[in-house]
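Q: Sharing a structure below in structure tokens format, with a few things to ask.
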Amino acid sequence: MTAPDRSHDIHRTSWVASAQGHSDFPIQNLPFARVKHGATPGAIAVAIGDDALLMPLALEAGWGKDLPAGALSVGLSALNVFAARPPDEWHAVRLALSDALSDPAWEARLRPALRPRAELEYLVPFQIYDYTDFYASIYHATNVGSMFRPDNPLLPNYKWVPIGYHGRASSIVISGTPVRRPRGQIFPPAASVPTFDVSRSLDYELELGIFLGGRNMLGKPVPAAEAASRIFGFCLLNDWSARDIQSWEYQPLGPFLSKNFATSISPWVVTAEALLPFRTPMPARGVSDPAPLEYLRVPDDWTVAVELEVTLASEAMRARNDPGMIVSRMQFDQAMYWSPAQLVTHHASNGCNLYMGDLLGTGTVSGPAPESRGCLLERTWRGTEPLTLPGGEVRKFLEDGDEVIFRGICRDDDAIAIGFGECRGVVLPA
Ligand code: MN
């Protein structure tokens, strides 16, 4: 599973006509989601063009007869059990899906298992027990650091240790869920004492989410060479952040209530295997940077070439059918100082047990250019460089009614482009 195969073949097409040339979900992608399905707790679905194949119905129709018994867990109500299976079973399921969806002989049996994706109601794809957020973009860390510490933007630990904090799983919501503006303890610059008030500097953070598969027992680290095999797939992630709450509460233990009021994720989990053609080496470290310590040296390490973008659509813009303004665009693979596998091996290096369905956020993805900054704090430079939206509205931070939309696309000359779909959220008043 370390080299592309027939499921990535650029000539492979599907009998689902809308898959051909689809911007997100051609047959070369085949991401997983969890959807409402009758009276069940949910069903796993696979995107193909404008449709989704509901796995319980596909199994009933006779698909998957040759799969190993454990792989049939792809018919369950959430992805945890399937993601706990070994990667060669993930691979077997991907091949069986790709073969059936490309072979016209399967059309009559599987067409009744398709549903239009637009008509489905999505659920968080895993039962997520733990969520950790990292800080792996060196441009983001440098930008934010320079606002607060102009003389010393990057703290001395940054190039040695992947920085992260434990987030909260209970407030992770699926794309489309409205996000209520939080209240919290705030210390305004001109005030003499803090107050408990509505956040006035609500922000988004564009990140990739990494869903883990497999498990390591407590006390058993994940060696660097095995870390990549723990990565089941990726999604888009919005780490909503209240900057005024954050700036008062974050020292000395890191962010807390400024972050855990909501985290949005996109519904489709794009598998590590679908992303094989888009793997690319990590950017070279600076010549004067320290080499990673031995336990962080991942053999054949990779990141993924994903082009990400942020769109902002105010309530007024949506009312006149304006789909929104792209406010940032960045290359994930050029923004990160630590690779996905390094985040995994570091997290488990002390023996911390990581479980299938655990979610790791990469941290805000910011590139070197102003237009590639992944949150408003950086994009408007703490409000000193406001954005002007079409129609004349001005934004330093998010206003009530604003909708934030993330998208991600992988492109390569030798592969069919695949996408992540969307991660959306509208800000509700406090
Ligand atoms: Mn974050």
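The values are calculated or read from the model by the stated rules, or taken from the named source; none is laboratory data. This one's a predicted model, so the numbers in the text were calculated from it and none came from an experiment. With ideal geometry, Cβ positions are generated from the backbone for all residues, glycine too; neighbour counts draw on all protein chains shown.
Q: Report the residue count in the stretch 198-211 for those that are more than 16 Å from the ligand (Cβ to nearest atom) and under 18 Å from residue 126 (Cα atoms).
A: Selection size over the stretch 198-211: 1.
Q: For the structure I just gave you, tell me whether residue 397 is within 16 Å of the ligand (Cβ to nearest atom) and touching a Leu at 6+ places or on another chain (Cβ under 8 Å).
A: yes
Q: On to the next question. Do we find a residue being modelled with pLDDT of 95 or more, of a type in the set (Asp, Glu) and within 16 Å of the ligand (Cβ to nearest atom) anywhere in the stretch 99-109?
A: No, that holds for no residue.
Q: Within the stretch 264-281, which residues are buried (at least 19 other Cβ atoms within 10 Å of the Cβ), away from the ligand (no atom under 16 Å from the Cβ) and in a loop (DSSP other than H, G, I, E, B)?
A: Correct list: 267, 268, 272, 273, 274, 275.
Q: Say whether the condition of being within 14 Å of the ligand (Cβ to nearest atom), hydroxyl-bearing (Ser, Thr, Tyr) and at pLDDT below 95 is met by at least one residue in the stretch 236-246.
A: no
Q: Please determine, by comparing only the residues of the stretch 274-320 that are among the β-branched types (Val, Ile, Thr) and in contact (Cβ under 8 Å) with a residue 12 or more places away in the chain, which one is farthest from residue 6 (Cα to Cα).
A: Going through the qualifying residues, I end up with 311.
Q: Go over the candidates 262, 227, 242 one by one and state the one that is in contact with a Ser or Thr (Cβ under 7 Å, 6 or more places away or on another chain) and under 18 Å from residue 343 (Cβ atoms).
A: 227
Q: For the list (1) surrounded by fewer than 17 Cβ atoms within 10 Å (Cβ to Cβ); (2) touching a strand residue (DSSP E or B) at 6+ places or on another chain (Cβ under 9 Å); (3) at pLDDT 95 or above, I need the number of the one condition that residue 212 fails.
A: For residue 212, the failing item is (1).
Q: Would the stretch 269-287 turn up any residue that is among the hydroxyl-bearing types (Ser, Thr, Tyr) and modelled with pLDDT under 95?
A: No, the stretch 269-287 contains no residue that is among the hydroxyl-bearing types (Ser, Thr, Tyr) and modelled with pLDDT under 95.
Q: I'm told residue 214 meets every condition in (1) within 16 Å of the ligand (Cβ to nearest atom); (2) in contact with a helix residue (DSSP H, G or I) (Cβ under 6 Å, 6 or more places away or on another chain) except one. Can you identify the failing condition by its number?
A: (1)
Q: Could you check residue 285 against (1) part of a loop (DSSP other than H, G, I, E, B); (2) touching a His at 6+ places or on another chain (Cβ under 9 Å) and say which number it fails?
A: Going through the list (1) part of a loop (DSSP other than H, G, I, E, B); (2) touching a His at 6+ places or on another chain (Cβ under 9 Å), residue 285 breaks only (2).
Q: Using beta carbons and a limit of 6 Å, which pairs, at least six apart or on different chains, have the first residue in the stretch 156-171 and under 16 Å from residue 145 (Cβ atoms) and the second one modelled with pLDDT of 95 or more and among the small types (Gly, Ala, Ser)?
A: Filtered contacts from the stretch 156-171: 158/141.
Q: Might you check whether a residue that is within 16 Å of the ligand (Cβ to nearest atom) and of a type in the set (Asp, Glu) occurs anywhere in the stretch 127-137?
A: Checked against the condition, which is being within 16 Å of the ligand (Cβ to nearest atom) and of a type in the set (Asp, Glu), the stretch 127-137 yields at least one hit.
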